[in-house]
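Colleague: One structure, as structure tokens, below. Some questions next.
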Amino acid sequence: LRDTENEAYALQLMAGFEFGTQTDTDETFGELRHLLNRMLVEQLKIEETLAIAAAKTDPSALAHYRTLQARRRALESTS
């Protein structure tokens, strides 16, 4: 955010914030993992849709769809 209109605001928000305790690190990594899993679930949904469409002309695409679906469901169950 350097040299942007939001630089001062970002610096103000971060003033006094100390990252580095194990609790902060674990919590931050957990939040990041949750966010990445949600993003992956959305991508898998897109790929599932494409695999279903491809199954009209490629029978092996249905197996790929099942693999994608299983992976998505596993991710959703851990959220």
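Colleague: Look at E27 and say whether it is part of a helix (DSSP H, G or I) and at pLDDT 95 or above.
Modeller: Judged against the criteria, E27 is not a match.
Colleague: Which of the residues that make up the stretch 43-79 are in a helix (DSSP H, G or I), open to solvent by less than 70 Å² (accessible area, probe 1.4 Å) and acidic (D, E)?
Modeller: If the condition is that a residue be in a helix (DSSP H, G or I), open to solvent by less than 70 Å² (accessible area, probe 1.4 Å) and acidic (D, E), then E47, E48 are the ones that fit.
The values are calculated or read from the model by the stated rules, or taken from the named source; none is laboratory data. Everything numeric here is computed off the predicted structure, so don't read it as measured data. Accessible surface areas use protein heavy atoms only, side chains included; no ligands, DNA or RNA. Shrake-Rupley method; radii C 1.70, N 1.55, O 1.52, S 1.80 Å.
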